[in-house]
1. Here's a check for you: in the stretch 1-11, which residue that is open to solvent by less than 20 Å² (accessible area, probe 1.4 Å) and aliphatic (A, V, I, L, M) is farthest from Tyr93 (Cα to Cα)?
2. Of the conditions (1) open to solvent by 40 Å² or more (accessible area, probe 1.4 Å); (2) within 22 Å of Ser17 (Cα to Cα); (3) among the β-branched types (Val, Ile, Thr), Ile103 fails just one. Which one is it?
3. Could you tell me which residue of the stretch 75-100 is surrounded by the most Cβ atoms within 10 Å (Cβ to Cβ), considering only residues that are closer than 21 Å to Ser17 by Cα and of a type in the set (D, E, K, R)?
4. Quick one: how many residues across the stretch 20-33 are loosely packed, with under 14 Cβ neighbours inside 10 Å and in a strand (DSSP E or B)?
5. Here are the criteria: (1) on the phi > 0 side of the Ramachandran plot; (2) touching a Pro at 6+ places or on another chain (Cβ under 9 Å); (3) not small (Gly, Ala, Ser). Tell me which single one Tyr58 does not satisfy.
6. Taking Val48 as the residue in question, decide whether it is surrounded by 14 or more Cβ atoms within 10 Å (Cβ to Cβ) and either in contact with a Pro (Cβ under 8 Å, 6 or more places away or on another chain) or not in a strand (DSSP E or B) (or both).
Amino acid sequence: QVQLVESGGGLVQAGGSLRLSCAASGRTFSRYAMGWFRQAPGKEREFVAAISSSGITYYADSVKGRFTISRTNAKNTVYLQMNSLKPEDTAVYYCAADTSHYIPTMLSHEYDSWGQGTQVTVSS
């Protein structure tokens, strides 16, 4: 079991930036894939970005070119740098661990550990 704690959410104006962090504890962090998902009010949870154990990254089309996922294995932490934020990015953001795979997936049900979520609000 992996414990995940997100931080870094908040309120920002459109065009601004935020960096989310997710600290992991438990199993060997460097051996598994990590992902970020988000859920806006009244909508289903959706994939945002993911990173493999070796650092290969994957993005949803809606955030490609604006968001960057990265990881620092020495700190057991994954990050989501969000630039050029838009009001439609407003959501609760969750980090997730897929401890069964080195290569991540966009499917939320493949992830076995989840953080509590952090609110990101982008004002217009």
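The values are calculated or read from the model by the stated rules, or taken from the named source; none is laboratory data. Small disclaimer: the values here were computed from a predicted structure and weren't measured. All Cβ positions, even for glycine, are placed from backbone atoms using ideal geometry, and neighbour counts span all protein chains on display. For accessibility, only protein heavy atoms count, side chains too; no ligands or nucleic acids. Shrake-Rupley method; radii C 1.70, N 1.55, O 1.52, S 1.80 Å.
1. Among those residues, the one meeting the criterion is Val2.
2. Going through (1) open to solvent by 40 Å² or more (accessible area, probe 1.4 Å); (2) within 22 Å of Ser17 (Cα to Cα); (3) among the β-branched types (Val, Ile, Thr) one by one, Ile103 breaks only (2).
3. Asp89
4. 1
5. Tyr58 satisfies all of (1) on the phi > 0 side of the Ramachandran plot; (2) touching a Pro at 6+ places or on another chain (Cβ under 9 Å); (3) not small (Gly, Ala, Ser) except (1).
6. Criteria not met by Val48.
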